[in-house]
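Quick notes on the structure that follows.
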Amino acid sequence: MSSPLPTLRQVNEKVRNALLRFQPELQRCSSILPGELLSLRAALLRARACLHEVDANSFPDSFAARENATALAEEVRQYRANLEKLQHILPDLHLRLLAERVRLRKAQRHIAAAAAWAGANKKTLPK
């Protein structure tokens, strides 16, 4: 694997965007697309794989390597902070998604009942 720094930067950006997008005061849960959650999960898995590749026992020899290690350490710090924020909003998001599922099921039952009623009325109409 190449340097984990670009991967962590991309993941941090994706998590920051998700944190903004999933805030309850900004929108209804119904505007969150399943692909957004899948994309966030994929990014988190990429970061996990990336962090497993980082060799914690290596000490950079050159100045450029030390700079890269410093930048990487900062990205890891930001990643952890982003994960902590995500951990705080996920329970609320989960509850909102469950409520949305209940709302959708109720709407489906209403539509099915209306369709059954319309079908029954159609049979009783004179021809």
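Taken together, the values in this text are just the output of simple stated rules run on the coordinates, not laboratory data. The model shown is predicted, which means the values in this text are computed figures rather than measured ones. Backbone-built Cβ (ideal geometry, glycine too); neighbour counts: all protein chains shown.
So if we plug the beta-carbon distance of SER39 and ALA118 into 1/(1 + (r/R0)^6) with R0 = 35 Å, what FRET efficiency do we get, rounded to 0.05?
For R0 = 35 Å, the calculated efficiency reads 0.30.
Could you calculate the contour length gain from LYS85 to ARG9, that is, 0.36 nm times the residue separation minus the distance between their Cα atoms, to one decimal place in nm?
Here the segment from LYS85 to ARG9 would lengthen by 25.7 nm.
So, by mean Cβ neighbours within 10 angstrom, what's the order for 85-92, 109-116, 38-45, 7-14 with the highest one leading?
7-14, 38-45, 85-92, 109-116
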